[in-house]
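Written below as structure tokens is the structure these notes are about.
Each value in this text was obtained by applying a stated rule to the coordinates, not by laboratory testing. All values reported here derive from a predicted model rather than from experimental measurement. Glycine gets a Cβ as well: all are built from the backbone with ideal geometry, and neighbour counts include every protein chain shown.
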Amino acid sequence: MGKSTEQELSALHGEVARVLSTQLRETITVIDEATGEQQELLTATPAVVSAAIKFLKDNDITASIEEDENLGELEEMLAAKRNKRKLRVVGIED
């Protein structure tokens, strides 16, 4: 078997990106039996998320907090979680 052409590799790259993107967006609808409330939950497994992250990293894809408000919100949530953890640790030591 010979080497793949650049066109074949490019097509494969695109298909991998489409598959990962589709899997990351898939949801299921869950209904709370007590309230009847419906909620959409993402179904991507940690392995799929990890594969997507690796795919982005391997292709030098980055994001800027300044350009993506979701990343800014995530950064704030992580900072609050770290601060909360510090407070618990301090409370234990007292």
Exercise for the section: Determine, from the Cβ-Cβ distance of residue 45 and residue 84 and an R0 of 25 Å, the FRET efficiency 1/(1 + (r/R0)^6), rounded to the nearest 0.05. Expected result: 0.40
Exercise for the section: With all distinct Cα pairs included, what does the Kirkwood hydrodynamic radius of the chain come out to in Å, to one decimal, could you say? Expected result: 17.5 Å
Practice task
Name the lysines eligible as straight-distance cross-link partners of residue 54: C-alpha to C-alpha under 27 Å, and not fewer than 8 places from it in the same chain.
Solution key: 3, 81
